[in-house]
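Every number in this text was worked out from the coordinates using simple rules, so none of it is lab data. Just so you know, these numbers come straight off a predicted model, no measurement behind them. Neighbour counts are summed over all protein chains in view; Cβ atoms, including those assigned to glycine, are modelled from backbone coordinates with ideal geometry.
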Amino acid sequence: MTQPIIEFEHVAMQYGDNVVLKSIDLEIESGKFYTLLGSSGSGKTTILRLMAGFLTPTAGNIYFEGKNINNVPPEKRRINTVFQNYALFPNMNVFENVAFGMTLKGKSKREMTEKVSEMLALVKLSGYEDREISELSGGQQQRVAIARALANEPEILVLDEPLSALDYKLRKTMQYELRNIQQRLGITFVFVTHDQEEALAMSDWIFVMDDGEILQNGTPVDIYDAPINHFVAEFIGESNIIPGVMREDYLVAFAGKEFENVDGGMRPNEPVEVVLRPEDLDLVDVSEGKLVVTIDDESFRGDYYEITAHDDDQNHWQVQATNSAEVGQRYGLYFDPEDIHIMRLNESEEDFDARLEQYEEEEAPDASD
Amino acid sequence: MKHKAASLYLIFVFVVMYLPIFYLIFYSFNAGDYMNNFSGFSLEHYRTLFSDYRLMRILANTFIIALLSALFATLIGTFGALGIYHTRRRGTRNTLLSLNNILIVSPDVIIGASFLILFTLIGMKLGFLSVLLAHIAFSIPIVVLMVLPRLNEMNPALIDAAHDLGANDYQVLSQIVLPYAWPGILSGFFMAITYSLDDFAVTFFVTGNGFSTLSIEIYSRARQGIDLSINALSTLMFLVSLVLIVIYYFLSTYQQRGSKKKRTLGTAVR
């Protein structure tokens, strides 16, 4: 493995008695798109400010390419920031804003003009050099802020909820463009958001945070398909979480029945939580279903129907179906063994990863997709 | 109907406020020597005013004091405001601000008297310097009060952003913070000038023999009966204040006009 560009080693942050970060360990590799995902107050912005150098950790070490940068001020770090409220300089126009970093470095006029037009082209604002900041829309200001940070040629670009103030459609476009920019320039992006959809759509790697800790990190697919605990499962997308018991490897009991599944490595008869994603569930005839449910409610969501139902044990189920269902009717509920994901109670991330690796190896020879 | 009444009332208020001044201005052009009958137009009183070298010198003193004290007060007050702005602890900040405001609220007589006591205590000669120091001192809180809200209005992320892009503390101050606070600094400067120009009480205490400002001089002359050359002087002062206000107006709207000009240019090119 290559040397990480940024490494956090037992980094903690507290203000007086208020602990914001508890011993964070993380590694950021060069050239990837990372996302810190968490609700407000989870400490994700604090991590960002520690990376950019606006804060000094109260404990632990931060390394940039192997060198400790705990006390290096932000102006000396090759990391630039896109701020939540853009923080464009109101007394300067677009050109002066984007060229600000270069002006400080004493670059030549021609070099600056070239770089600014290159950066503005990158964010699709060519020809906007002479505009005043007050004349720009929110989306345009966002682009100028990105251009300004990138014009400084950082190794890492950190973005603090940059899309939260934009409307839905613009946010979608910007997600796509940011991802595109990152891939074209090949520099590392660290993106902070509370929007799980955004995180899943853009990232190579996601850190899910809560209450000053990293709960789980992994690729979007890993985190979505195999959340480590109740919190992550609820936070990343919609899910049905049902208490169950792991009878033995690959056999779980919930909702009064036993089901074949693909998880293992637990004690026999260990109480667990079972996760089933609403889009993995299908409504079929009662005779074909693994469970029988009664439809409570249905709402139309454009590309699918959101259906709520309950089974005979009074567990509630959410189902996303392409076809409408009749309220009050009984249907069969069908899912495949691999749709079932098992979460142990209070399992640490290391144990979780170790267990996953272990039974995936065992399974590998006879596994079929 | 309602609008008419409102505007009539507004006109009435302005007439009442400006009537005495226009009365004064009107009689400055009187050929006679008194303010009760207008006997004909003449610039006689302006002639006596300009040939009154003592008064001219005092006029110059007054403006020098006003400009110098405003300049120093703006400098010190701006940095004072920055100091208060950067004070992290809320209690300390509020205390500093209250100490600043007390100076504005407390009567001029008390400030004047305390300056007199201070200057005599340290054995300073009363005259130009004592008046200048006193004027600087009472103008500083006004500048602080003008600059601080502007700083508080500023998005603190701007400072972070400037550091982030490679600016050191001095560059952040000179290129981001001061330009942002500029309108506040400017109005602080002009307020300091007007406070200095029309101060009577403090100056009365701290001035000594041989040094006088306009307000002191007019006061001492008025006790011997108004000479119409004072009217002429007041007229000129009124015009000067008018010019000051116009200058301030243009300076404070300069940035907006600048951007508008750029905008029309930009669209013309496109």
Quiz prompt | B:Tyr34/B:Phe12 FRET efficiency (R0 25 Å; Cβ-Cβ; nearest 0.05) | solution = 0.30
Practice problem: Would you work out the charge dipole size for the protein assembly as shown about its Cα centre, treating the Cβ of every Lys and Arg as +1 and the Cβ of every Asp and Glu as -1, and quote it to the nearest 20 debye? | Solution: 7420 debye
Quiz item: Which net charge results when you count Lys and Arg as +1 and Asp and Glu as -1 among the other residues whose beta-carbon is under 14 Å from that of A:Val11?
Solution: -2
Quiz item: With each pseudo-label sitting 7 Å past Cα toward Cβ, what's the B:Leu67-A:Asp312 distance in nm, one decimal?
Solution: 9.9 nm
Practice problem: Sequence neighbours fewer than 8 away in the same chain don't count; with that in mind, list the lysines whose C-alpha is under 18 Å from A:Lys115. | Solution: A:Lys105, A:Lys107, A:Lys124
Quiz prompt | Residue-averaged beta-carbon neighbours from other chains (10 angstrom radius) around A:80-90 | solution = 5
Quiz item: What is the spread of the Cα atoms of the stretch A:141-265 along each of their three principal axes, largest first, in whole Å?
Solution: 59, 29, 27
Quiz item: If we restrict to alpha carbons, what Rg and Dmax does the stretch B:1-42 come to, in Å?
Solution: 15.3, 46
Practice problem: Sticking with the crude label model, points 7 Å out along Cα→Cβ, report the distance from A:Glu270 to B:Leu118 in nm, one decimal please. | Solution: 7.6 nm
Quiz prompt | Kirkwood Rh, Cα atoms: Rg over Rh of the protein assembly as shown | solution = 1.17
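How much net charge surrounds B:Ile218 when only the other residues with a Cβ under 15 Å from the Cβ of B:Ile218 are counted, with Lys and Arg +1 and Asp and Glu -1?
Net charge around B:Ile218: -1.
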Self-check item: Surface/4 of the Cα convex hull for the stretch B:52-263, nm²
Solution: 15.3 nm²
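Test of understanding: what is the full-extension gain from A:Ser287 to A:Glu349, defined as 0.36 nm times their sequence separation minus their Cα-Cα distance?
18.3 nm
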Quiz item: Where in the stretch A:201-216 does the amide nitrogen come within less than 20 Å of the point 7 Å from the Cα of A:Val19, taken along Cα to Cβ?
Solution: A:208-216
Quiz item: Taking the Cα centre of each part, how many Å lie between the stretch A:26-41 and the stretch A:48-102?
Solution: 16 Å
Self-check item: Three-way shape label, the stretch A:229-339, alpha-carbon gyration tensor, a/c 1.5
Solution: prolate
Quiz item: What share of the DSSP beta bridges in the protein assembly as shown is antiparallel, in percent to the nearest 5?
Solution: 75 percent
Quiz item: How many Cβ atoms of partner chains, on average, are near each residue of A:49-57 if near means within 10 Å of its Cβ?
Solution: 1
Practice problem: Would you mind getting me the FRET efficiency between A:Leu251 and A:Glu298? Use the beta-carbon distance for r and R0 = 30 Å, nearest 0.05. | Solution: 0.35
Exercise. Name all residues of the stretch B:36-68 having a backbone nitrogen under 20 Å from the label point set 7 Å from the Cα of B:Ser234 along its Cα→Cβ direction, giving them as ranges.
Key: B:36-52, B:55-56, B:58-60, B:62-63
Quiz item: Which whole number gives the average count of other chain Cβ atoms within 10 Å of the Cβ atoms across peptide A:143-155?
Solution: 1
Quiz item: Of the residues B:Ser241, B:Ser69, B:Ser139, which exhibits the maximal mean-square fluctuation in a Gaussian network model of chain B defined by a 10 Å Cα contact cut-off?
Solution: B:Ser241
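May I ask for the net charge around A:Val123, where only other residues with Cβ less than 14 Å from the Cβ of A:Val123 are counted and Lys, Arg are +1 while Asp, Glu are -1? Don't skip to the end; give the middle numbers.
Values: positive: A:Lys115, A:Lys124, A:Arg131, A:Arg143, A:Arg148, A:Arg179, A:Arg184; negative: A:Glu118, A:Glu129, A:Glu177.
My count for the surroundings of A:Val123 gives +4.
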Quiz item: Dividing the convex hull volume of the alpha carbon atoms of chain A by its residue count, what do you get in Å³ per residue?
Solution: 175 Å³
Exercise. Give the calculated FRET efficiency between A:Glu326 and A:Ser39 to the nearest 0.05, with a Förster radius of 35 Å applied to their Cβ-Cβ distance.
Key: 0.40
